[in-house]
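Scroll down for the structure; my scribbles are underneath it.
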Amino acid sequence: MSGIEIKLIGITKLDTDAIVNAANEELWEGGGVCGAIFREAGSAEMTRACDAIGGCPTGSAVITPGFRLPARFVIHAVGPRWMDGRHGEPELLYSAYTRSLLLAMENGLHSVGFPLISAGIFGYPLEDAWRVAIRACREFLQEHSEYEMQIIFAVLDAGIMAVGEKALE
């Protein structure tokens, strides 16, 4: 059954078909979620896979194997850096979620774990980031109602989870 849920769990612990990395355009190992995913997957293997792809524009996504992660695949989605909300940030963030879900569907995957893209070091305001994330996922599920997809948001903070649950209502 398709649906959206939020869990208090590290994204690298999710046993989903794919997890989403909050990536940078260069697909380099970063800090936060990105660094954790690279470390748990195996930095050398993930770096080689990302280098072979060569990069990813903001608002898009690419896919690699999950290597040592419980998830079989990692979808690297590049969200926007927050400036002021008037430089296409909402549209680019929406696109990063939608492109991730389309990639999952194109690869026959039925469960995807997301972080809250752009809400960390990229500075996207928390409530706005949740609103865009939930809207993008809900609209994807409505537009592809024939395709079963379970979407899980993995968060490490109860306060962030509470804001997400409010947005989900």
Q. Does at least one position in the stretch 127-136 carry a residue that is buried (at least 20 other Cβ atoms within 10 Å of the Cβ) and farther than 23 Å from E165 by Cβ?
A. no
Q: Search the stretch 18-45 for residues that are of a type in the set (V, I, T) and pair each with any residue that is surrounded by fewer than 24 Cβ atoms within 10 Å (Cβ to Cβ) and not in a loop (DSSP other than H, G, I, E, B) when their beta-carbon atoms are under 8 Å apart and the residues are at least 6 apart or on different chains.
A: I19/T12; I19/F73; I19/A154; I37/T12
**Q.** Qualifying residues in the stretch 62-93 (those that are assigned to a helix (DSSP H, G or I) and acidic (D, E)) - the one nearest to A158 (Cα to Cα)
**A.** E89
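Tally up the residues in the stretch 94-133 that are assigned to a helix (DSSP H, G or I) and within 17 Å of V74 (Cβ to Cβ), please. Steps first, please.
Of the residues in the stretch 94-133, the ones assigned to a helix (DSSP H, G or I) are 94-106, 126-133.
Now restrict to residues that are within 17 Å of V74 (Cβ to Cβ): 96-97, 99-106.
Of the residues in the stretch 94-133, 10 are assigned to a helix (DSSP H, G or I) and within 17 Å of V74 (Cβ to Cβ).
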Q.
Name the residue that is nearest to the chain's Cα centre (by Cα), counting only residues in the stretch 15-46 that are aliphatic (A, V, I, L, M) and surrounded by fewer than 22 Cβ atoms within 10 Å (Cβ to Cβ).
A. A36
Q. Out of the stretch 25-45, which residues are in contact with a helix residue (DSSP H, G or I) (Cβ under 7 Å, 6 or more places away or on another chain) and either hydroxyl-bearing (S, T, Y) or not in a helix (DSSP H, G or I) (or both)?
A. L27, E29
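Being of a type outside the set (V, I, T), more than 19 Å from T16 (Cα to Cα) and modelled with pLDDT of 95 or more is the requirement here; does Y147 meet it?
Working: of a type outside the set (V, I, T): yes; more than 19 Å from T16 (Cα to Cα): no; modelled with pLDDT of 95 or more: yes.
It is false that Y147 is of a type outside the set (V, I, T), more than 19 Å from T16 (Cα to Cα) and modelled with pLDDT of 95 or more.
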Q: Could you identify the single residue in P70, P80 that is surrounded by 15 or more Cβ atoms within 10 Å (Cβ to Cβ) and closer than 27 Å to L168 by Cβ?
A: P80
Q. From A104, A158, which residue is exposed (fewer than 14 other Cβ atoms within 10 Å of the Cβ) and touching a residue at least 60 places away in the same chain (Cβ under 8 Å)?
A. A158
Q: Would you mention how many residues in the stretch 134-155 are assigned to a helix (DSSP H, G or I) and either aromatic (F, W, Y) or touching a residue at least 60 places away in the same chain (Cβ under 8 Å) (or both)?
A: 5
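The values are calculated or read from the model by the stated rules, or taken from the named source; none is laboratory data. Remember, predicted model here, so these are calculated numbers, not experimental data. Here Cβ is always computed from backbone atoms with ideal geometry, including for glycine, and neighbour counts include all displayed protein chains.
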